[in-house]
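Trainee: Could you have a look at this structure, given as structure tokens, before my questions?
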Amino acid sequence: MNNLLPITDEIGIYNPNLLVKKAQGSYIWFDGQDKPYLDLVMAYSSTNFGHCNPTIVKAVKKAAERLDNFPAFNTSERDDLSGELIDHLPFPGKDYQVYYTVGGAKAVDVSIKLARIFTKRHGVISFDGAFHGYINGLIGITDRGYFNESYDTIQNMQIFHLPFPDINIGPSIDVALTQLEDLIFKYREKIGAIILEPVQGAAGFRETERYFFEKLQEIANHHQIIIIADEIQAGIGRTGSFYSFERYNFQPDIVLLGKSLAGGYYPLSAIIARKEYFDNIGPDKSGLDSTFSNNAFGISIAREVVRMISDQKIFEKVQAKSILFRTLMSQLHQEYPTIVLKTSVVGLACGIQTPSSKIAALVKKRAFEKCLIIQTSGINGDYLKIAPSLLITEQELKQAFDLLGSVLANLF
């Protein structure tokens, strides 16, 4: 065991002596452990439909028997999936196309390239609390001959950060919009894109109001700035709808999906964008392609995942279970107000703010000792993040509540 490389301690359960034996539904079993662990992290929302979901397993086996990777060629599955993703947009999507790549960070990278090459502006606005992936710019160490002239537009990127108007902690929407307009006025010839998570996942599932998105759309349209909606964590049902921004009167120019799009079996991500952005780049030396772009295997699985969602009416069930989930989380706040400072619940996602990162880490550690897997999050690590399987049962939700409640009772 001593020669094992360290495992990233993102949820605080690093233990080289614990090996996963199997996973099924909402549970994970470890070698040498009699009891299963209730998983409320679900691989950072990449297995939204439960571990080893039988429908998805069947789709994986079927795809593996006839498809692997040939990105230069199309498949009927790709046409079908693209049509379904566009049809799910809460606005007419006839002018949109879909491009598939690997992982959320790559999807963000592609979207920024599309926006900056189209607008010929270098600046990108992001928001405090946002998480758009870990990636280093490798363009500087690749020979310039591999890129066409339009790619020069994306060099020297300028990034501007603005406060996100959280409905619980502020700033007010008017203040946030004023800062946005002031920034655009100052740098109006440089800003080409605004990227945001309609629901901020890593920050603890933070939300804002519909009015903010309506005004953001108005401002961006006026200045011809491209809006990118990062739905990689909150999309595909986490909030109870296919896209989390469906609740807002909002039409992004580019929408990003990832994580559980292929059920956790392949890191497929999708960039759904206006056709003119893709047409503007052209196929040769665009800097967008990679070996596993438009992967036929992953796309085939994702097509079946999207069909499963519709056939099993999964999102309608999420909305129903969300009522119980919200009630249980509110009860935790009422019973332990000095520890559970506030809860932010949207769909089957919850961020619990605690007084400090130390307390959050301790709760997470004690929860794991009781066979409950939760995650710390937030910019300062003082949040507990709960994102169970969308197929979790009401009984399992109550089990999670009882376990977490017993942890808080014993500790505090």
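The values are calculated or read from the model by the stated rules, or taken from the named source; none is laboratory data. This structure is a prediction, so every number in the text was calculated from the model and none was measured. Note that each Cβ is placed from the backbone with ideal geometry, even for glycine, and that neighbours are counted across all protein chains shown.
Trainee: If you check 206, 188, which single one turns out to be modelled with pLDDT under 95, in the same structural domain as residue 101 (by TED's automatic domain parsing) and within 30 Å of residue 56 (Cβ to Cβ)?
Mentor: 206
Trainee: Scan segment 350-364 for residues that are hydrophobic (A, V, I, L, M, F, W, C) and touching a strand residue (DSSP E or B) at 6+ places or on another chain (Cβ under 7 Å) and jot them down.
Mentor: Correct list: 350, 352, 360, 361, 363.
Trainee: Here is a further query. Would you confirm whether any residue within segment 52-62 is within 26 Å of residue 381 (Cβ to Cβ) and part of a loop (DSSP other than H, G, I, E, B)?
Mentor: no
Trainee: Here is a further query. Spot the failing condition for residue 115; the list is (1) out of contact with any Lys or Arg (no Cβ under 9 Å at 6 or more places or on another chain); (2) within 25 Å of residue 247 (Cβ to Cβ); (3) surrounded by 15 or more Cβ atoms within 10 Å (Cβ to Cβ); (4) of a type outside the set (Phe, Trp, Tyr), and only one is missed.
Mentor: Among (1) out of contact with any Lys or Arg (no Cβ under 9 Å at 6 or more places or on another chain); (2) within 25 Å of residue 247 (Cβ to Cβ); (3) surrounded by 15 or more Cβ atoms within 10 Å (Cβ to Cβ); (4) of a type outside the set (Phe, Trp, Tyr), the lone unmet condition for residue 115 is (1).
Trainee: Taking residue 262, is it under 20 Å from the mean Cα position of the chain (by Cα) and assigned by TED's automatic domain parsing to the domain that holds residue 79?
Mentor: yes
Trainee: Would you mind stating whether residue 214 is over 21 Å from residue 116 (Cα atoms) and charged (D, E, K, R)?
Mentor: For residue 214, the condition - over 21 Å from residue 116 (Cα atoms) and charged (D, E, K, R) - is met.
Trainee: Also, quick follow-up: For segment 158-172, give me the residue count where each residue is within 20 Å of residue 224 (Cα to Cα) and either in contact (Cβ under 8 Å) with a residue 60 or more places away in the chain or surrounded by fewer than 15 Cβ atoms within 10 Å (Cβ to Cβ) (or both).
Mentor: 3
Trainee: Could you list, ordered by first residue, the pairs with Cβ atoms under 9 Å in which the first is in segment 173-187 and more than 13 Å from residue 160 (Cα to Cα) and surrounded by 12 or more Cβ atoms within 10 Å (Cβ to Cβ) and the second is among the small types (Gly, Ala, Ser) and at pLDDT 95 or above, at least 6 apart or interchain?
Mentor: As it stands, the answer is none, since no pair meets every condition given.
Trainee: If you go through segment 305-349, how many residues are of a type in the set (Gly, Ala, Ser) and in contact with a strand residue (DSSP E or B) (Cβ under 8 Å, 6 or more places away or on another chain)?
Mentor: 4
Trainee: Hey, can you tell me all the residues within segment 270-301 that are under 16 Å from the mean Cα position of the chain (by Cα) and either over 19 Å from residue 116 (Cβ atoms) or modelled with pLDDT under 95 (or both)?
Mentor: Of everything in segment 270-301, just one residue is under 16 Å from the mean Cα position of the chain (by Cα) and either over 19 Å from residue 116 (Cβ atoms) or modelled with pLDDT under 95 (or both), namely 270.
Trainee: So which residues in segment 187-221 are touching a helix residue (DSSP H, G or I) at 6+ places or on another chain (Cβ under 7 Å), hydrophobic (A, V, I, L, M, F, W, C) and in a loop (DSSP other than H, G, I, E, B)?
Mentor: Within segment 187-221, 199 is the sole residue that qualifies.
Trainee: Hey, another quick one. Among the residues of segment 321-335, is there at least one that is farther than 21 Å from residue 355 by Cβ and of a type in the set (D, E, K, R)?
Mentor: There is at least one residue in segment 321-335 that is farther than 21 Å from residue 355 by Cβ and of a type in the set (D, E, K, R).
Trainee: I'd like the residue in segment 222-255 that is within 18 Å of the chain's Cα centre (by Cα) and assigned to a helix (DSSP H, G or I) and, out of all such residues, is modelled with the lowest pLDDT.
Mentor: Residue satisfying both the conditions and the ranking: 247.
Trainee: Are any residues in segment 378-401 in contact with a strand residue (DSSP E or B) (Cβ under 8 Å, 6 or more places away or on another chain) and more than 23 Å from residue 263 (Cβ to Cβ), and if so, which ones?
Mentor: Correct list: 378, 382, 383, 384, 399.
Trainee: Which members of segment 97-121 meet the condition of being part of a helix (DSSP H, G or I), under 23 Å from residue 186 (Cβ atoms) and of a type in the set (Lys, Arg)?
Mentor: Passing the criteria: only 116.
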